[in-house]
Amino acid sequence: MKFTTLLASAAMVLGLGGAALADGHEKTKVGFVYVGPIGDGGWTYEHDKGRLAVEAEFGDKVETVYVENVAEGPDSERVMTQMALDGADLIFTTSFGYMDPTNNVAAKFPDVKFEHATGYKRLHPNVSTYSARFYEGRAIQGHIAGKMTKSNIIGYIGSFPIPEVIRGINSAYIHAAKVNPDVEFKIIWVYTWFDPAKEADAAKVLIEQGADVVLQHTDSTAPQAAAQEAGGVVTFGQASDMGQYAPFPRVSSIIDDWAPYYIARTRAVMDGTWEQKDTWDGIGAGMVGIGEITDAVPADVKEEALALKAALADGSYHAFTGPLNKQDGSPFLAEGETADDGTLAGMNFYVEGIEGEIPQ
Amino acid sequence: MDLSAINPILLVAAMIAAATPILLAAIGELVVERAGVLNLGVEGMMITGAVCGFIITVNTGSPTVGFIAAAIGGAVLSLLFAFLTQVALANQVASGLALTLFGLGLSALMGQSYVGIKPPRTESTPLGSLADIPVIGPIVFGHDLIVYLGLAIVAATWATLKFTRAGLVLRAVGENHDAAHALGYKVKRIRTLAIMFGGACAGLGGAYISLIRVPQWTEGMTAGVGWIALALVVFASWKPWRVLLGAYLFGGITQLQLNLQGAGVAIPVEYLAMSPYIVTIIVLVILSADKSRAPGSLGRTFHASG
């Protein structure tokens with residue numbers, strides 16, 4: 001019994017010593033909380049590229065730590081708390097489901113800066129949010145999809161029914177229907193960000209039910225593999241280029257580029273200029289990249305897609321421009337009107353033409 | 001809603017593909033548990049099998065060799081568990097959890113240079129022309145060899161446990177290891193063999209995901225199938241045919257709910273998404289009303305001290 005007490009006290013002394021060291025540390029410590037493995041080839045992979053870019057930029061002046069496969073919800077709170085206790089100065093929490101946990105932990109550690117991706121809650125002055133306007137990329141995908149489909153059925157693998165995903169579905173549908181009024185969207189919700197087997201199953205079901213274009217809002221490359229297996233089905237890289245499936249089935253992609261943001265925010269912490277803010281950048285600012293449109297896409301369609309990209313980038317065109325109605329037929333945007341960021345951030349309805357209900 | 005979009009034949013084929021990894025992992029774990037060992041490392045052994053099978057298939061070009069390698073990989077990893085629990089007498093629950101974590105990390109390391117590679121295709125019709133029979137053909141004869149291997153393992157496990165001396169000894173070890181030891185049976189050796197069998201089956205199940213169902217290598221790609229297999233063994237009351245039923249039920253409803261979503265059926269998606277778990281549990285709990293119970297020595301450490 002004595003011995004264990006001794007051990008416990010020794011551990012405590014060591015722990016306190018460690019904490020003291022951590023307080024007086026020279027390096028800026030940046031933590032990352034990931035929802036999937038860094039080898040997912042999609043979402044988490046791109047966040048980790050951002051982390052590596054921070055390391056490359058600041059070298060010895062920063063130390064980065066990360067935890068992979070952190071379940072959304074209470075467990076993430078434990079991981080963040082541990083990071084903060086270990087002396088992290090800045091913590092990036094990179095999934096929507098970390099929203100409340102991030103704010104809860106931020107309340108307990110006012111000196112630690114928190115950056116939550118794709119959320120909208122900033123309950124404490126040390127919480128910022130950041131996201132990318134993926135829907136701009138979805139508009140381009142929708143355009144290509146509408147032109148490329150022969151069966152007029154476009155499959156869409158949804159992860160969770162949250163505004164970010166619904167916005168993507170709407171944006172893709174609006175632009176697909178614009179070039180192909182007969183287009184129909186089949187949407188399957190898989191309730192996971194990362195489960196290759198389930199994503200592959202969903203893709204196969206969509207293909208069996210006639211879809212010849214499959215869009216995904218999940219993180220792995222499994223749907224690409226399923227499309228390749230089936231043959232003749234078009235896909236788009238999601239979150240990362242997924243270029244290993246180019247030139248076909250993957251004909252283009254949405255690429256998230258977090259590196260400039262991560263570097264800027266780390267620098268702000270180092271300089272002491274970090275302030276709470278809400279960042280939502282798109283193609284124009286470079287946070288959303290469009291992967292190479294391959295030659296599997298006809299030249300004229302490619303040209304139109306690039307023109308659309310340019311218009312979205314310089315702000316001359318907004319992906320949600322009226323006239324648009326909601327699914328139930330009620331007016332959403334008048335002729336020429338564009339959606340404001342508040343509406344987009346909380347989007348919880350389909351636009352007119354999409355069938356089915358959003359799970360509540 | 002357009003139910004005609006669902007092709008029942010493809011649905012059954014997809015169901016079998018979805019059920020096979022769970023079935024393989026669960027039947028392996030069933031044998032382990034009937035020998036009185038609780039190995040929570042199924043997920044770790046599956047993912048290790050998935051990566052071993054993938055690497056070997058890509059390098060040799062032969063899925064058959066890949067599946068053999070997957071079984072060996074799973075069995076080798078399970079030896080670590082056998083060493084910890086049977087030789088070092090460590091706690092089985094902790095060792096099993098450690099095995100899962102270790103397997104996930106090890107597989108991620110091994111698979112690093114294999115991300116994004118397409119494996120050679122596994123031939124799907126070993127029964128040749130029989131698969132051309134309308135309706136029955138694609139449902140019964142149109143699968144790859146591993147599907148039939150899974151069914152054969154279930155039948156063999158059932159027959160071995162029920163009718164053979166080896167099965168009787170295995171069950172004796174699982175029910176009361178002290179008595180089995182007193183009778184002169186080598187408890188540790190039998191348990192180690194059972195653990196290796198479980199590892200090999202889990203490895204096969206994992207490789208089925210990485211080589212046939214998806215087919216690609218992605219870190220962490222088993223995504224919890226091992227845990228479902230573990231739960232299935234308990235709900236199936238440690239009986240082989242119920243494991244088969246449970247796995248097919250689970251796989252079938254998983255596929256059915258995706259198909260119903262695609263067809264736009266007006267059932268709330270949340271209910272569809274949870275239905276595979278609920279229906280499987282309900283059916284198996286009803287079946288287990290016959291007072292089946294866990295093997296008597298399940299999870300207990302054996303030490304030949306007496």
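Bear in mind that the values in this text are calculations on the coordinates, not laboratory data. Quick caveat, the model's predicted, so the values are computed rather than measured. Note that we place each Cβ from the backbone using ideal geometry, even for glycine, and neighbour counts take in every protein chain shown.
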Notebook entry, point to check: Averaged over peptide B:266-273, how many Cβ atoms belonging to another chain are found within 10 Å of each residue's Cβ?
Noted result: 4
Check: What list do you get for A:Tyr261, B:Tyr185, A:Tyr173 if you sort them by fewest beta carbons within 10 Å?
Finding: B:Tyr185, A:Tyr261, A:Tyr173
Next item on the list: Return a whole-number percent for the relative contact order of the range A:117-222, with Cα pairs under 8 Å and 6 or more residues apart as the contact set.
Entry: 32
Next item on the list: Please figure out what share of the DSSP beta bridges in the protein assembly as shown is antiparallel and state it in percent, rounded to the nearest 5.
Entry: 20
Note to self: Can you compute the helix-only [θ] at 222 nm over chain B? Use -39500 (n - 2.57) per DSSP H run of at least 4 residues, normalise by all residues, nearest 500 deg cm²/dmol.
What the structure shows: -22000 deg cm²/dmol
Next item on the list: Please give the calculated 222 nm ellipticity per residue for chain A, where each DSSP H segment of at least 4 residues contributes -39500 (n - 2.57) and the sum is spread over every residue; nearest 500 deg cm²/dmol?
Entry: -13000 deg cm²/dmol
Item checked: Measure of compaction for the protein assembly as shown (Cα Rg per 2.2 N^0.38 Å) -> 1.02
Next item on the list: Just report the Cα centroid separation between the range A:54-73 and the range B:240-306, whole Å.
Entry: 39
Check: Local charge sum around B:Leu244 (other residues, Cβ-Cβ under 15 Å, Lys/Arg +1, Asp/Glu -1)?
Finding: +2
Margin query: For Cα pairs less than 8 Å apart in space and 6+ apart in sequence, what is the mean separation divided by the residue count of chain A, i.e. the relative contact order in percent?
Written below: 16
Notebook entry, point to check: What do you get for Rg/Rh of chain A when both radii come from the Cα atoms and Rh is the Kirkwood radius?
Noted result: 1.03
Checklist line | Radius of gyration and Dmax over the Cα atoms of the range B:70-161, both given in Å | finding: 19.1, 56
Notebook entry, point to check: Taking other Cβ within 10 Å of each residue's Cβ, how do B:Ile228, B:Ile286 sort, fewest first?
Noted result: B:Ile286, B:Ile228
Notebook entry, point to check: With the contact rule set at Cα under 8 Å and sequence spacing of 6 or more, what percent relative contact order holds for the range A:216-360?
Noted result: 14
Note to self: Please rank B:Trp158, B:Trp241, fewest neighbouring Cβ atoms within 10 Å first, as an exposure proxy.
What the structure shows: B:Trp241, B:Trp158
Notebook entry, point to check: What helices in chain A pass both tests, a Cα length along the helix axis of 27 Å or more and a mean Kyte hydropathy of -1.0 or higher, using whole DSSP H runs?
Noted result: A:2-23
Notebook entry, point to check: For chain B, treating each Cα as an identical point scatterer without solvent, what Debye log10 I(q)/I(0) comes out at q = 0.07 1/Å?
Noted result: -0.27
Notebook entry, point to check: Among residues other than A:Gln224 whose Cβ falls under 13 Å from its Cβ, what is the net charge (Lys/Arg +1, Asp/Glu -1)?
Noted result: -2
